[in-house]
Structure formats: structure tokens, C-alpha cells
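This report refers to the structure that appears directly beneath it.
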Amino acid sequence: MTGLGRPSPLGAALNTLAAWLLGILWVLPLVYAVWTAFHPAEFSTRFVPTAPLTLQNFEAAWAAAPFPRYFLNSFLLVTGILAGQLVLCTLAAYAFARFKFRGSAIAFALVLLQLMIMPDVLIVENYRTMHALNLVDTVTAMALPYVASAFGIFLLRQAFKSVPKELEEAARIEGCGTLGILWRVYVPLARPVYVAYALVSISYHWNNFLWPLIVTNSVDTRPLTVGLAVFASTDQGIDWSIITAATLLAAGPLLVAFLIFQRQFVQSFLRAGIR
Amino acid sequence: MHRTSGVDARVKPGHDGWGRSLVNQFRANIHGWLLLLPAAVLLAAFTHYPAVATLWHSFFSTPKGNRPARFIGLDQYQTMLEDPIFWIALKNNLVFAAATIPLSIVLAILMALWVNEKIVGRGLLRLAFFTPTMLPMIAVANIWLFFYTPDYGLLDQIRGLFGLPAWNWLGSRDTALWCLIAVTVWKEAGFFMIFYLAALQQISPDLAEAAAIEGTGRWTFFRRVTFPLLMPTTLFVLINAVINAFRLVDHVVVMTRGGPDNATSLLLFYIYEIGFKFWDLGYAAAVTMVLLAVLAIVACFQFFYLDRRIHYQ
């Protein structure tokens with residue numbers, strides 16, 4: 001125990017109790033959602049242990065809105081962004097980590113600017129741009145502002161800088177060109193950082209909402225988050241059990257992945273956060 | 001910034017040393033910029049250009065029908081200063097920030113201290129605290145919407161047990177913003193917790209041992225030893241929390257749409273409304289400038305103040 005000193009037995013018991021109370025408070029909304037989603041509507045606010053379990057809410061939600069299409073769109077969006085980010089950020093990070101080129105300091109400062117002024121707040125002008133490019137209501141428009149990620153460049157640059165120079169020398173002697181060295185030496189050595197970045201990026205973009213909401217307006221492009229919001233708001237008469245089931249459907253893939261790979265997720269967020 | 005050079009550092013001494021050095025430097029320039037180019041183009045197009053264009057467009061009227069945009073100087077800003085809803089949104093956002101930031105930081109420290117101890121069910125607690133982080137804000141908003149539903153939402157059911165009447169949590173100007181604050185704190189505290197947990201695990205157990213021998217109280221130990229050691233983490237979390245307070249409005253869109261009577265309108269949500277409900281892009285640009293100014297202040301605070309005071313690594 002490092003954070004606090006040694007507690008008295010009574011103090012320790014109260015401490016545990018308080019921790020558990022907060023823990024219960026924290027899972028309560030989720031437990032509530034699961035209860036509602038898996039029980040018939042008449043039990044949505046009646047917590048009887050004998051209430052029958054059902055999957056009907058999920059079936060109803062699945063049938064009521066084009067969720068398969070939304071899943072596909074979200075999948076395309078997330079993989080598209082990640083693929084673009086991996087390529088572009090790798091190249092840029094390599095430039096910053098290993099090349100002393102004119103203007104690199106200013107360029108790097110300009111890159112870091114995006115950590116503060118994120119595309120999330122530049123919705124108005126980015127919409128104008130997408131409109132001018134005739135890209136409104138496409139997956140490309142949803143993805144483009146996020147592909148060149150300052151965060152990814154920064155993270156990979158740090159990783160690349162820790163790679164011993166001798167390895168690069170050796171590869172050069174063996175006849176590797178600039179890109180060959182990047183691909184054979186730097187990328188494999190930075191694998192843990194790539195995994196961390198990928199998990200953070202996937203979680204962020206699977207959950208992203210405002211920009212996709214603005215730039216999409218059809219079933220064919222809407223990701224799950226926007227689809228869910230449209231579903232929950234347009235059908236006011238629909239009952240909560242079905243909305244909750246749809247909510248769990250949308251959050252499901254990431255949540256399940258997280259529950260299975262908890263350690264990797266938490267490690268990734270940490271690695272990504274501590275700069 | 002210590003940037004070591006790769007290519008130009010390998011100049012071998014010899015009769016053609018100067019020539020090779022120049023060639024290498026030239027090569028480094030070309031390779032460096034070529035590698036950077038794809039990312040630079042997209043960054044410029046979707047971060048730098050829009051930031052500058054926001055300023056530019058804020059001096060113009062919004063084109064309507066066959067009337068093109070025309071230069072109107074500071075008129076949009078004049079409109080903004082006289083727009084009561086702008087002031088409400090700004091005030092709401094400041095209250096939102098002033099409430100969510102300290103609350104989520106204090107809770108995050110508390111959570112981290114708990115799950116860092118040998119407490120019963122530590123793994124489950126960590127999971128409970130962190131899970132909200134993984135949920136989309138939209139999903140979270142839907143779940144809490146139900147929570148807050150008058151009469152038969154969980155909150156009112158609990159009030160009912162104590163014989164209290166139903167309350168329209170999101171429909172009342174007194175409580176709506178606080179409902180959103182609660183949702184945000186619930187979602188963010190667990191995320192910040194993991195950074196504190198990592199920092200706590202770096203603190204040597206010898207310190208606690210020494211304090212115990214000295215008979216230092218737990219609170220004194222936390223205040224004098226642990227908390228100062230957590231300072232770099234707190235500042236990192238603080239910056240993120242401030243940015244999030246001005247960036248995240250997903251829950252506003254789903255839960256209240258800024259209502260009732262603009263009581264929950266935040267800056268970015270108001271920008272979204274001006275821009276994409278009323279399609280007044282010129283005015284939206286002017287309000288965006290306020291948001292950019294806030295973020296610029298945060299950036300300056302970090303670059304000129306924090307980076308000098310805290311030594312990472």
C-alpha cells in the first residue's frame with residue numbers, strides 16, 4: 001500500500017465499504033441497462049428476481065433499424081481511419097525521429113497544435129471543405145479529418161527515437177533504403193506502440209459521434225453511434241427496453257473486446273497517455 | 001528538444017567530407033519532407049486551414065440563396081455580444097467545466113488510491129470504475145436518459161421509496177445541467193483513474209513505511225507526500241479534462257438538445273445548432289473563434305507554463 005499510510009482495522013473496513021459503495025454506484029447504470037434489455041418491457045422498472053429473461057428486445061431493435069448496415073459502416077470507418085493513420089503517422093514519425101531537415105522544429109510544433117485544436121471543434125469549416133469537395137455523406141468525409149493524427153505521430157516518434165542507431169546502420173550496410181529500414185527495423189521494434197495506438201484509435205472512432213452526425217445523412221454511411229441516436233430519437237413511441245437493447249448492441253463489440261482484453265486496453269491507454 | 005540526426009551524422013572524415021556532408025544534408029531534407037508530406041497535407045487541410053478559415057469567414061455574412069457572402073467586418077462578433085443565448089452557452093460551459101474537472105479528478109484519485117490498496121475485490125472495482133470509459137457517449141446518454149426519466153426512471157423510483165414526488169430531472173432548468181455533469185463525471189473519472197494508478201505504482205513503498213514509523217497520519221501522508229508526487233499526473237489529467245469539457249457535447253445532443261430553455265447548451269453544441277440547424281455558417285465561425293481562443297489559452301498554459309515547470313522523463 002503506497003498511497004496512504006497504514007489504516008486502523010475500523011478505518012480499513014470503512015474504506016472498503018466506501019470503495020464498494022462507489023463501485024456499485026458506478027456499475028448501476030450499466031446493470032440497469034442490462035436488466036432492461038434482457039427482460040420484457042413490463043419488467044423494465046420492476047426488479048423482480050423471477051422476471052423471465054428474453055432476447056426479444058434485441059430482435060425487435062435489430063428488425064426496427066438497419067443495424068447490420070450501421071455495423072458495416074462503423075467497421076469501414078474505424079478500419080479506414082486506422083489504416084490511414086498507421087501509414088501516414090509512421091512516415092511522419094520516422095521523418096521527425098531520424099531526419100534533421102530544414103523546418104522540422106516548426107513542422108513538429110504545427111503537428112502538435114492538433115493535440116489542442118482537434119477536428120472535433122472545427123466542424124463548421126470542415127463541413128464547408130467536405131461540401132466543396134463533394135464528399136458530404138461519404139465514409140471518406142467522416143474519416144479524412146482524423147487520418148493525419150498528431151497523437152499518432154507523436155507516439156510513434158517517441159518509439160522510433162528509442163530504437164538503437166546501430167540497427168539502422170547494420171540494415172543500411174546490408175543495402176536497405178530509407179523505406180526498407182523503416183519497414184524492417186523501426187516498424188517491428190515499435191509493435192507494442194502500434195498495438196496501443198490501434199486500440200486507442202479504434203475505441204475513439206467507434207464511439208465518435210458529432211462529426212459523423214454532421215457529415216452523414218443516409219443509412220448507407222451512418223455509423224452505429226449516429227444510427228443509434230436517430231433510432232432513439234425518431235421513434236419516440238418506442239419502448240425503453242428496445243432502445244436499451246439497441247444501445248447495448250452498439251456498445252457491445254467494444255465492450256466485449258474490452259472485457260476479454262482488459263489488461264491490453266488499460267495498458268494501451270496508459271502508454272498512449274504518458275508522454 | 002533533442003533531435004538527433006540520422007543521416008547527416010554519418011559523415012566520415014576524408015578529403016570529400018564537405019561534399020558528402022552537403023549531399024547528405026540535402027538528402028535528409030528531401031527524405032524528411034517527402035516522408036512528412038502525406039500527413040502534412042491532411043493536417044494542413046483539416047486542422048490548420050479550417051482554423052484560419054474560421055477567422056476569415058467570421059468577417060463575412062452567411063451566403064443565402066443567390067446572395068453571396070460579403071465582408072461585414074466585426075458584425076458577427078457584435079451580434080455575438082448581443083446574443084443572450086451565446087452568453088448562456090458560455091456560462092453553462094464554464095459551470096460545466098468548473099464542476100466536471102475537479103469532481104472527476106478528485107474521484108479519480110480516490111478510485112486509484114482504493115484499487116492500489118489490497119482491498120477486497122480489487123479487480124472487480126477496477127473494472128467497475130473503468131468500464132464507462134469504453135462506452136460510446138451516445139450509449140451512455142441513452143442509458144442515463146432512462147435513469148432520469150420522470151416517474152419510472154430509477155432515480156425517481158428511489159425517491160419514491162422515501163415518499164418524494166416525481167421530478168423532471170432533464171426538463172427542469174435547475175437540474176438539467178447537473179444531470180449532464182453527473183454523466184460526464186461518471187464517464188471520465190475511471191479513465192483518469194488509470195493514470196493515477198500508474199503514478200501511484202511508481203511511488204516507493206519505503207515512503208509509506210517511513211511515514212508509518214514516524215507515526216504520520218494517513219491524511220497528512222497523502223497531503224504532504226502522495227499528492228505532490230502525483231502533481232505531474234494531475235496536470236496531465238487537468239489539460240485533458242479541460243479540453244474534454246469544451247469538446248464533448250454528444251450527451252447534450254441526445255439527452256436535452258440544449259434545453260430546457262438553453263439551460264444545457266454548451267459552446268460546441270451552440271455552434272452545432274447555429275451551423276447545422278439554422279445554417280448560419282458565418283455566425284457559427286465567429287462563435288467557433290471563442291472556442292478556439294479557449295483552446296489556445298489551454299495550449300499556451302501547457303507550452304509556456306507547464307512544460308517549464310514539469311520535467312517529464
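Quick notes
- A:ALA97 meets all of the listed conditions (1) under 30 Å from B:ASP206 (Cβ atoms); (2) touching a residue at least 60 places away in the same chain (Cβ under 8 Å) but one, namely (1).
- Residues within segment B:218-260 that are at pLDDT 85 or above, of a type in the set (D, E, K, R), crowded, with 18+ Cβ neighbours inside 10 Å and more than 25 Å from B:ALA299 (Cα to Cα), tallied: 0
- Answer from A:VAL219, A:VAL200, A:VAL187 - the residue that is surrounded by fewer than 21 Cβ atoms within 10 Å (Cβ to Cβ) and modelled with pLDDT of 90 or more: A:VAL187
- Single match in B:GLY215, B:GLY190 (criterion: of a type in the set (Gly, Ala, Ser), surrounded by 22 or more Cβ atoms within 10 Å (Cβ to Cβ) and within 13 Å of chain A (Cβ to nearest Cβ)): B:GLY190
- Residues within segment B:130-154 that are over 23 Å from the mean Cα position of the chain (by Cα) and assigned to a helix (DSSP H, G or I), tallied: 4
- Index of the failed condition, A:ASN15 passing every other in (1) under 18 Å from A:SER241 (Cβ atoms); (2) surrounded by fewer than 19 Cβ atoms within 10 Å (Cβ to Cβ); (3) without any contact (Cβ under 8 Å) to a residue 60 or more places away in the chain; (4) touching a Phe, Trp or Tyr at 6+ places or on another chain (Cβ under 8 Å): (1)
- Selection of helices (runs of 4 or more DSSP H) fully inside segment B:205-274 by the criterion of at least 2 residues being under 22 Å from the mean Cα position of the chain (by Cα) and free of Cβ contacts under 8 Å to residues at least 60 places away in the same chain returns B:231-247.
- Residues (at the interface with chain B (Cβ under 10 Å from one of its Cβ atoms) and in contact with a Lys or Arg (Cβ under 8 Å, 6 or more places away or on another chain)) located in segment A:194-216: none
- Enumeration of residues in segment B:137-148 that are touching a residue at least 40 places away in the same chain (Cβ under 8 Å) and facing another protein chain (nearest Cβ under 7 Å): B:MET137, B:ILE138, B:ASN142, B:TRP144
- Which listed residue is crowded, with 23+ Cβ neighbours inside 10 Å, farther than 21 Å from B:PHE236 by Cα and modelled with pLDDT under 90, from B:PRO165, B:PRO136, B:PRO150: B:PRO136
- For segment B:94-125, a tally of residues being in contact (Cβ under 8 Å) with a residue 24 or more places away in the chain and within 20 Å of B:VAL183 (Cα to Cα) returns 14.
- Just one of the listed residues (B:ALA198, B:ALA208) is surrounded by 14 or more Cβ atoms within 10 Å (Cβ to Cβ), in contact with a Leu (Cβ under 6 Å, 6 or more places away or on another chain) and within 10 Å of chain A (Cβ to nearest Cβ), and it is B:ALA198.
- Among the candidates A:ALA105, A:ALA65, A:ALA92, residue that is touching a helix residue (DSSP H, G or I) at 6+ places or on another chain (Cβ under 8 Å) and within 9 Å of chain B (Cβ to nearest Cβ): A:ALA92
- Looking at A:PHE258, A:PHE231, just one residue is touching a residue at least 60 places away in the same chain (Cβ under 8 Å) and either in the same structural domain as A:TYR146 (by TED's automatic domain parsing) or farther than 18 Å from A:THR79 by Cβ (or both), and that residue is A:PHE231.
- Residue list for segment B:239-264, filter: farther than 19 Å from A:ALA229 by Cβ and more than 9 Å from every other protein chain (Cβ to nearest Cβ): B:ALA241, B:VAL242, B:ASN244, B:ALA245, B:PRO260, B:ASP261, B:ASN262, B:ALA263
- Some residue of segment A:1-10 being at pLDDT below 90, assigned to a helix (DSSP H, G or I) and closer than 30 Å to B:ALA199 by Cα: yes
- Taking the numbered list (1) of a type in the set (A, V, I, L, M); (2) surrounded by 18 or more Cβ atoms within 10 Å (Cβ to Cβ); (3) farther than 20 Å from B:VAL254 by Cα in turn, B:LEU124 passes all entries but (2).
- Restricting attention to segment A:30-46 and to residues that are part of a loop (DSSP other than H, G, I, E, B) and surrounded by fewer than 18 Cβ atoms within 10 Å (Cβ to Cβ), the residue that is farthest from the other protein chains (Cβ to nearest Cβ) turns out to be A:PRO40.
- Hey, A:PRO212 at pLDDT 90 or above and surrounded by fewer than 15 Cβ atoms within 10 Å (Cβ to Cβ) or not: no
- Residues satisfying the stated conditions in segment B:279-291, i.e. over 13 Å from the mean Cα position of the chain (by Cα) and either in a loop (DSSP other than H, G, I, E, B) or of a type in the set (A, V, I, L, M) (or both): B:TRP279, B:ASP280, B:LEU281, B:ALA284, B:ALA285, B:ALA286, B:VAL287, B:MET289, B:VAL290
The values are calculated or read from the model by the stated rules, or taken from the named source; none is laboratory data. Just so it is clear, the structure is predicted and the values come from calculations on it, not from any experiment. Positions of Cβ are generated from backbone atoms using ideal geometry, with glycine treated the same way; all protein chains shown enter the neighbour counts.
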